[in-house]
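In what follows, a single structure is set out as structure tokens and then discussed.
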Amino acid sequence: MIGEEIIDTFASLGDVGMILALVAIILIDGTGVPTLPEVWMIWIFSVHFDSIGWAVLIIVVASIASLGGNFILYSIVKFVGMPKRIQKVMRKYTDFLIVSDERLLLLNRVAPLVPYTGAFMAVCKWDLRKCAMYLIIGALAKSTVVVALAWLSYDNLRQDIAPWVAIIAVAVVILVSIVASVIYKRKIGIGGGTPRSQS
């Protein structure tokens, strides 16, 4: 797995290495290559699961790295470009969603309706300041939930069981959000209707 290889690469640097590994994992995930960052966030948190400072550091670092990953993909799409046909499909898709502007980045943290969000930022020409705000708010909220679930698990269960319970809890949350997004996509696909105009 990519995440495991990254952690092994930085492991010799101790705590600094773990933070660098977390940054690398989330940056890669943000550019469109799935790395299961929540799972590795829990694993890295377990290094000092009884430290509030470590928990806060992981939340902040993960959130900033998530912002960075999205903007890296945004920059790539802006520089390289995207076929007009794909751009048209992407814009049409966002028109069918509950919101079709920068707020979608915040909603996406709850229900992953839009993959490759950095690309959508570029194609839909969203306001970058608003994008940054919604991305960081969403990332802070999601990272806090992940670390909180991990902390509760380590605090109340045996150390050998805790990480698995935390991972399962996070997986359930992610699964529910994915199911919700799939149901919504099917709903709008069946309902059809006239797309809203871009604001």
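The values are calculated or read from the model by the stated rules, or taken from the named source; none is laboratory data. Keep in mind that what you see is a predicted model, and the values were worked out from it rather than measured. Here the Cβ is made from the backbone with ideal geometry for all residues, glycine too, and neighbour counts use every protein chain on show.
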Is at least one residue of segment 112-133 crowded, with 20+ Cβ neighbours inside 10 Å, within 22 Å of residue 25 (Cα to Cα), modelled with pLDDT under 90 and touching a Lys or Arg at 6+ places or on another chain (Cβ under 6 Å)?
no
Taking segment 68-91 and keeping residues basic (Lys, Arg) and surrounded by 11 or more Cβ atoms within 10 Å (Cβ to Cβ) leaves 78, 88, 91
Single unsatisfied condition, residue 102 versus (1) in contact (Cβ under 8 Å) with a residue 60 or more places away in the chain; (2) more than 13 Å from the chain's Cα centre (by Cα); (3) buried (at least 17 other Cβ atoms within 10 Å of the Cβ); (4) not in a helix (DSSP H, G or I)
(1)
Quickly run through segment 45-77 and pick out the residues that are in a helix (DSSP H, G or I) and of a type in the set (Phe, Trp, Tyr).
45, 54, 71, 74
Breaking point among (1) touching a Ser or Thr at 6+ places or on another chain (Cβ under 9 Å); (2) surrounded by fewer than 21 Cβ atoms within 10 Å (Cβ to Cβ), for residue 33:
(1)
